[in-house]
Amino acid sequence: MQALAYAKLNLTLDILGKREDGYHNLQMVMQSISLSDTLTITPGSGRMDTNLSYLPSDERNLAQLAAAAFRRATGQDCQVDISIDKHIPVCAGMAGGSSDAAAVLRALNQLTGAGLTPEQLAKIGAAVGSDVPYCVLGGTALAEGRGEVLQALPPLPACHVVVCKPPFPISTPQLFARVDVKKIVRRPDTRGLIAALERGDLADAARRMYNVFEDVLEPRRRSEIDAIKSVLIDCGALGASMTGSGPTVFGLFDNAQAARQAQQRLSEQYREVFLAETV
């Protein structure tokens with residue numbers, strides 16, 4: 001069986017406070033886009049491979065963890081071989097690994113005839129990673145808690161998406177360590193964005209996007225993120241933001257030609273630039 005694992009964007013990302021368990025309470029509006037990995041899943045011995053040699057193929061890979069979690073939850077001895085053709089950038093804030101795990105859960109549910117609902121699969125996925133429940137369900141959703149408390153939202157109106165990943169890593173733990181919730185000045189207008197979704201107003205939703213992690217980036221990283229956003233806006237993006245803990249930046253376009261122009265301009269400087277659509 002082949003399964004697609006769609007990339008995720010954060011239209012908003014807000015940090016509300018720190019929890020007693022050491023995690024943070026988040027509030028995020030999430031969106032699936034057509035940029036995806038392709039997984040091939042066949043009955044086998046538990047082997048795994050990817051087209052990227054540096055990715056782990058053992059229990060460090062979320063796809064393998066998802067298969068094990070499915071077996072534990074269902075009691076089924078469904079050993080499978082998993083082959084992943086990666087297209088979603090790695091360590092990019094786009095939930096590539098979580099989406100692969102979600103695709104494995106959906107595929108195993110179908111292959112075994114387990115008949116679990118998407119909500120039941122999402123619950124299994126929560127034990128694998130915070131973003132996995134959202135990736136199981138996909139679409140447009142409000143995510144709260146650590147990201148596992150989900151509420152479906154009216155879909156973001158269909159649009160073109162330009163995605164650009166600059167060539168530097170960002171440490172998620174370090175970003176969280178630099179966040180002082182009491183000192184956050186600029187926050188996304190999450191309620192306003194949800195209201196725009198309810199009206200089907202793409203432009204208004206795009207204007208209200210923001211990610212609070214942008215304010216705690218190192219100055220030179222923040223400068224590059226801002227420069228990518230400026231190119232997107234200059235080319236006609238209705239809004240632009242960083243997704244997740246970065247460093248990937250995206251812009252939403254209602255015009256295909258403008259989106260292609262932005263992709264071409266950014267491709268002159270960056271290797272990982274993608275044109276996608278909302279899912």
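Number of residues in region 223-244 that are β-branched (V, I, T) and under 13 Å from L9 (Cα atoms) equals 1. Looking at L121, is it buried (at least 22 other Cβ atoms within 10 Å of the Cβ) and either out of contact with any strand residue (DSSP E or B) (no Cβ under 9 Å at 6 or more places or on another chain) or in the same structural domain as S36 (by TED's automatic domain parsing) (or both)? In short, yes.
Exactly one residue out of P166, P154 is surrounded by 13 or more Cβ atoms within 10 Å (Cβ to Cβ) and within 28 Å of L121 (Cβ to Cβ): that is P154. Filtered by the rule that a residue be surrounded by fewer than 12 Cβ atoms within 10 Å (Cβ to Cβ) and of a type in the set (S, T, Y), region 43-90 gives S45, S53, Y54.
Within region 208-216, can one find any residue that is among the charged types (D, E, K, R) and touching a Lys or Arg at 6+ places or on another chain (Cβ under 8 Å)? The answer is yes, given that some residue of region 208-216 is among the charged types (D, E, K, R) and touching a Lys or Arg at 6+ places or on another chain (Cβ under 8 Å). In this structure, is A177 modelled with pLDDT of 95 or more and either buried (at least 19 other Cβ atoms within 10 Å of the Cβ) or among the aliphatic types (A, V, I, L, M) (or both)? Considered against the rule, which asks whether it is modelled with pLDDT of 95 or more and either buried (at least 19 other Cβ atoms within 10 Å of the Cβ) or among the aliphatic types (A, V, I, L, M) (or both), A177 comes out as no.
Out of the residues in region 5-42 that are β-branched (V, I, T) and in contact with a Phe, Trp or Tyr (Cβ under 9 Å, 6 or more places away or on another chain), which is surrounded by the fewest Cβ atoms within 10 Å (Cβ to Cβ)? The selected residue is I15. The selection criterion, being in a helix (DSSP H, G or I) and at pLDDT 95 or above, does not hold for A240. Here is the figure for region 247-279: residues that are surrounded by fewer than 24 Cβ atoms within 10 Å (Cβ to Cβ) and either at positive phi or of a type in the set (S, T, Y) (or both) total 3. Regarding region 11-27, can at least one residue be identified that is assigned to a loop (DSSP other than H, G, I, E, B), in contact with a Gly (Cβ under 9 Å, 6 or more places away or on another chain) and in the same structural domain as A143 (by TED's automatic domain parsing)? Checking region 11-27: at least one residue is assigned to a loop (DSSP other than H, G, I, E, B), in contact with a Gly (Cβ under 9 Å, 6 or more places away or on another chain) and in the same structural domain as A143 (by TED's automatic domain parsing).
Residues in region 147-155: is at least one among the charged types (D, E, K, R) and assigned by TED's automatic domain parsing to the domain that holds A101? There is at least one residue in region 147-155 that is among the charged types (D, E, K, R) and assigned by TED's automatic domain parsing to the domain that holds A101.
The values are calculated or read from the model by the stated rules, or taken from the named source; none is laboratory data. Remember, predicted model here, so these are calculated numbers, not experimental data. All Cβ positions, even for glycine, are placed from backbone atoms using ideal geometry, and neighbour counts span all protein chains on display.
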